[in-house]
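I am attaching a structure below and will ask some questions about it afterwards.
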Amino acid sequence: MHLPLRASRVRPRFVALLALAALACGSAGTASGARLARAEARPAGRGAEIALSGPGMREVKAKAFTLGRPARLIVDLTDTVLTPRAPRDLSLRLPGVTGVRLAQYRTAPDVTRLVFTLAAGAPPPSWRLAPGEGANETRLLLQPAGPVTLSPPVVEKQKQSWVVRIPGVGYLERRTGALDNPARVFLDFTNAEVPATSGRNISAGPIAQVRMGQQSPEGEQPVARVAIELRASQAFDEKVEGEDVVVSFTEVAGREKRSPGPRGSYDVPLPPEHTVPSLRGKHIVVDPGHGGGDPGTQWPTADGVVCESDLTLAIGLKLERLLKRAGAKVTLTRREGDPYVYPSERRDLTNRLGPDAFVAIHCNSVAASLKAEPPKSASGTEVYYTSEDSEPLAKAVLEEVAAELETRDRGVRHTTELAVVNHACCPAVLVEVGFITDKDDRARLTDEADQGRAAAAILRGLARFFAEEERE
Ligand SMILES: [Zn+2]
């Protein structure tokens, strides 16, 4: 008869829960008696590395295991003294890792312990040691766990709202946005892939359909999108609940006032001391022209190609920051890495939000056929508008920008041709800050300080416009 394996009988139950994995790394070696004097974290490829240096650190050995509640990856450096000079905390940019601490775990034998705290539900990164650059350096290389395959989202009805639950991805880096035509909210998850089968089609309450699709990768990491198509545009909330990402749609009677626009860093509070009275509480939609694969006008220079879409976003982000500091509420129609947003979508977003003003930012160019004739190169600032009530705003913005940047004042221009300003919901202007095709204008457009001055000038134009409006 066989006796049960002794180990399985005496092993305490909690060991199975806590020690999820145990690994050893490095060749069998001699005691190194290393002293860890410096530890420095830095990005490496799609992962990160920690350079560990000090006397004897080149030969250091390590072993690792994971612990639960809270989830941690433990890397023990054997025969290693943590010197007082070494840092006790490191900030590491690695998906699923929320922090790294260093401690002298024990003495005689000496063990220096690195504790990586993991986000809820995040698998531990894989790791290995590699020789460092100096004679006394070893690198701890960390790779995020392989791409996560999304589980099909689930729709739930809660008291006042409909909820789309995306299971197990709360720890992943994500970007959320909203688009029109059809109205939809999308969430892009980095280091994620869509499953081969997409599950059953969901259609309930305000939700017409939930789709998943692979987006273009971010660096080496795959990006998976969950798109929630809606029967009509409406506000949403998004949060991490346990290990899941939860998007909820509250059914509200009447006109929707809350912003379903770009989110993320958008809500960062700024100190109130620079409030501009006429801008306080005003909601401004700022539309950096082009983007999402549409570079706008491009101009080759010795340092590379200047793209209009980069310049408009740079000015737009600065304007957003300044406006918020002035006490206004700002919605940007696009941000870095957003997919292409059609002019009609920018207009529809604006009309849905019902802001107090809309400002599109563009850079001008002479027709490609004229590029060969620099002497004829046009230059200067001009501002387009459609509705009558936008004209004073166009004038105020033009005067401020042209004066601030010392560009040629080309006047305000009435047009019915531009989709973004050709709508009546609020005063709307399109600023052509300067000509990419003109050498002097281009120097201003590409200069960071001048971009800030352009943004400040647009802000002053808005402030003047609202101040004059209040006086009437
Ligand atoms: Zn443009």
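For P339, indicate whether it is part of a loop (DSSP other than H, G, I, E, B), away from the ligand (no atom under 14 Å from the Cβ) and over 22 Å from the mean Cα position of the chain (by Cα). If you could, list the steps in order and put the result at the bottom.
Values: part of a loop (DSSP other than H, G, I, E, B): yes; away from the ligand (no atom under 14 Å from the Cβ): yes; over 22 Å from the mean Cα position of the chain (by Cα): no.
No; evaluated as a whole, the condition is false for this residue.
While we're on this one: With respect to D348, determine if the residue is part of a helix (DSSP H, G or I) and acidic (D, E).
Yes, satisfied.
Could you check how many residues of region 43-70 are out of contact with any Gly (no Cβ under 8 Å at 6 or more places or on another chain) and either at pLDDT below 90 or under 20 Å from L118 (Cβ atoms) (or both)?
15
Still on this structure, I have one more. Could you please tell me which pairs satisfy a Cβ distance under 6 Å, a separation of 6+ or placement on different chains, a first residue in region 357-369 that is within 27 Å of P392 (Cβ to Cβ) and within 14 Å of the ligand (Cβ to nearest atom), and a second residue that is part of a strand (DSSP E or B) and at pLDDT below 95?
What qualifies is N364/F435.
Being surrounded by fewer than 18 Cβ atoms within 10 Å (Cβ to Cβ), in contact with a Lys or Arg (Cβ under 9 Å, 6 or more places away or on another chain) and at pLDDT below 95 is the filter here, so list the residues in region 106-127 that pass it.
Scanning region 106-127 gives R106, T117.
Something else now. Can you tell me how many residues in region 293-336 are surrounded by fewer than 18 Cβ atoms within 10 Å (Cβ to Cβ), within 16 Å of the ligand (Cβ to nearest atom) and part of a strand (DSSP E or B)?
Counting residues in region 293-336 that are surrounded by fewer than 18 Cβ atoms within 10 Å (Cβ to Cβ), within 16 Å of the ligand (Cβ to nearest atom) and part of a strand (DSSP E or B) gives 3.
While we're on this one: How many of the residues in region 410-439 are surrounded by 15 or more Cβ atoms within 10 Å (Cβ to Cβ) and not hydrophobic (A, V, I, L, M, F, W, C)?
Count: 8.
For region 133-173, name all the residues that are charged (D, E, K, R), touching a residue at least 60 places away in the same chain (Cβ under 8 Å) and not assigned by TED's automatic domain parsing to the domain that holds A34. Write out each step before concluding.
Filtering region 133-173 for residues charged (D, E, K, R) gives 133, 137, 139, 156-157, 159, 165, 173.
Of the ones still in play, those that are also touching a residue at least 60 places away in the same chain (Cβ under 8 Å) are 133, 137, 139, 165, 173.
Answer for region 133-173, where residues must be charged (D, E, K, R), touching a residue at least 60 places away in the same chain (Cβ under 8 Å) and not assigned by TED's automatic domain parsing to the domain that holds A34: R165, E173.
Please enumerate the residues belonging to region 105-129 that are touching a residue at least 24 places away in the same chain (Cβ under 8 Å) and small (G, A, S).
A119, A120, G121, A122
Listed here are the residues, each with its yes/no results for (1) touching a residue at least 60 places away in the same chain (Cβ under 8 Å); (2) under 25 Å from E345 (Cα atoms).
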| site | (1), (2) |
| --- | --- |
| V397 | yes, yes |
| A402 | no, no |
| T407 | no, no |
| E417 | no, yes |
| G452 | yes, no |
| A456 | yes, no |
| L462 | yes, yes |
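Among E404, E432, which is the only one that is at pLDDT 90 or above, acidic (D, E), within 33 Å of the chain's Cα centre (by Cα) and within 14 Å of the ligand (Cβ to nearest atom)? Quick ask: steps written out before the conclusion?
Working: E404 fails: within 14 Å of the ligand (Cβ to nearest atom).
Selected residue: E432, the only one of E404, E432 that is at pLDDT 90 or above, acidic (D, E), within 33 Å of the chain's Cα centre (by Cα) and within 14 Å of the ligand (Cβ to nearest atom).
Right, something else. Taking region 136-162 only, how many residues are modelled with pLDDT under 90 and surrounded by fewer than 20 Cβ atoms within 10 Å (Cβ to Cβ)?
So the answer is 15.
Could we say that R352 is surrounded by 22 or more Cβ atoms within 10 Å (Cβ to Cβ) and either under 23 Å from the mean Cα position of the chain (by Cα) or among the charged types (D, E, K, R) (or both) here?
Details: surrounded by 22 or more Cβ atoms within 10 Å (Cβ to Cβ): yes; either under 23 Å from the mean Cα position of the chain (by Cα) or among the charged types (D, E, K, R) (or both): yes.
Against the criterion (surrounded by 22 or more Cβ atoms within 10 Å (Cβ to Cβ) and either under 23 Å from the mean Cα position of the chain (by Cα) or among the charged types (D, E, K, R) (or both)), R352 qualifies.
Moving to a separate point now. Counting only residues that are assigned to a strand (DSSP E or B) and surrounded by 16 or more Cβ atoms within 10 Å (Cβ to Cβ), how many does region 169-216 have?
Residues meeting the conditions: 21.
The values are calculated or read from the model by the stated rules, or taken from the named source; none is laboratory data. The structure presented is a predicted model; accordingly, all values stated were derived computationally and were not measured. Cβ coordinates were reconstructed from backbone atoms using ideal geometry, including for glycine residues, and neighbour counts include every protein chain displayed.
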